[in-house]
Amino acid sequence: MTDDVRSRIARLLSDADADVRRQAAEELENDSGLASIAALSAALGDESKGVRDVASRSLLTIGGVRVASGIVEYIADTNIVTRNLASELLVQLGDAAVQALQPYLHDKDRDIRKFAVDILGLIGNPSTVDNIISLLRDGDENVAISAIEALGNIKSRAAIGALKDVFSFTGFSGASVAEAFGKIGDEESAEYLLVLFSRASTMPEADPLVRFALIEALAQCGRPSALTGLYGSLRTAHGKLWQTTMHAIVSICERSGESLQVTSADKEQLLSMVGTAETEVSASAVKALAHLAGDDVTTELLQQFGRSEDLDQLLTETVRTRHNVFVQCTAALEKNSGRGKRQLITLLGELARQYARNLFSAHATDISLSSMNAATDAVMQQWHSADLDTQTVILNALFYLDGDRAIQFLETTTDDLDQWQRVQCIELLGSVSDRRVPTFLQRFLSDEDEMVRSVSANTLESLGFAPEAGR
């Protein structure tokens, strides 16, 4: 060990100044000696978050089995912050941490056993399966459940037999085992889940949580053979159970290419499902509602915008071809007082652009002049309360809806703006692809404010238009 390394270790472990300790931790990232690793590992318990963060980065930079061996003892630390940080680092070290963790699976402290099995499950190395299986009948239920969850995360077929042995319709393990089978997801797991689901349907004493878990697992890996039983259970299910079952049906149909069987009798529960369930289940409700007609369905779907990007994309694909969607979208925007405004404005703009492109084709959408005017009015009304991102969307939509009215709107609006607001508006227009924009921007080349003139000239150049030509 060099004197420099010895000095850095001393500063890291004993200096009163956190900045000095942090600097020492950073300087040790290129030294893979055992002493440096031990010092950096000890720094995971430093009172300063900055020191802990830098020590963590240095340990990950060094990496390897020796770092894992240095960190692993801290999963037994009395400080929960240190324990969690050590656990996160071991997960990031991945396979290099497997060997160091194995002895902790049999620690006398149940919390340490649980920490170790949780980490190994997240690492996902199949070589640990046999050791984790030994914990399935651990004296502590939390450790046993963690072992089940870890085997599911590892997704090893070698664990299927052991998981079958600990399954129970009424015990603590049932729901966790079902979830594990869903994650493993092979043919044997899917068949076994179907057998268990069929049995649970005829067992009044079966734990409701186990039934839910079985259906959720079938959503992950179920085959078409499960559809008959799932459709049958819809007839007697209600509330959350009905939603979970429908989600499983939609998931299996989508995965296998089977036709989804949905009727108008399902409409009310599907509408409730899309409005209250988590995003993944809401997406299944949207896919099912796509098979049903009606303005009430369209209205409900439009109200779901703004919950997540993935759901917004699905909703856009689903509603854009529905009957009367343009009018319905305008009405939804007029009534909207919160989430989803930007998505509704975007959709109106896209529908208007699609209408213009297909005006003389067989695929033309029937949008009347009055509905186009109403949509333009509704979009304009959003301007003053919108943030900059939404204003960009508004400008693009307005030029698709009615370019001439968009210019009139901008002329009126910009007359009332101060120089900073005019600059913002000009910059927003730089993202709009419309032939009228450069002509409109030329009016700012003679603005009284030098900054406005400069931004206008730069924006025109970015659009490929020579500012001099408009002077």
How far is helix 239-256 tilted off the main Cα axis of the chain, in degrees rounded to 10, range 0 to 90?
80 degrees
Options [x] 22.5; [y] 27.6; [z] 23.9 for Kirkwood radius over Cα pairs in Å; the value derived from the coordinates is listed as [y]
Backbone N within region 271-292 under 20 Å of label point (7 Å from Arg339 Cα along the Cβ vector)
271-290
Stretched fully, the stretch from Arg357 through Lys240 gains (0.36 nm per residue minus C-alpha distance, one decimal, in nm) 37.8 nm
Once label points are set 7 Å from the Cα along Cα→Cβ at both Ile80 and Arg255, what is their separation, rounded to one decimal in nm?
3.6 nm
Whole-Å distance linking the alpha carbon centroid of region 366-404 with that of region 122-164 is 56 Å
With a ≥ b ≥ c taken as the square roots of the eigenvalues of the C-alpha gyration tensor of region 1-78, please select rounded if a/c is under 1.5 and otherwise prolate if a/b is larger than b/c or oblate if it is not?
oblate
Could you rank the peptides 175-184, 160-169, 422-431, 340-349 by their average count of other C-beta atoms within 10 Å per residue, with the highest value first?
175-184, 340-349, 422-431, 160-169
Rounded to the nearest 10 degrees, the helix 49-62 long axis (Cα) sits at an angle to the longest Cα principal axis of the chain of 70 degrees
Nearest 10 degrees, 0 to 90: what angle lies between the long axis of helix 174-184 and the longest principal axis of the chain (Cα atoms)?
70 degrees
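None of the figures in this text is laboratory data; all of them are computed from the coordinates on show. Note that the structure is predicted; figures quoted are calculated from it, not measured. Note that we place each Cβ from the backbone using ideal geometry, even for glycine, and neighbour counts take in every protein chain shown.
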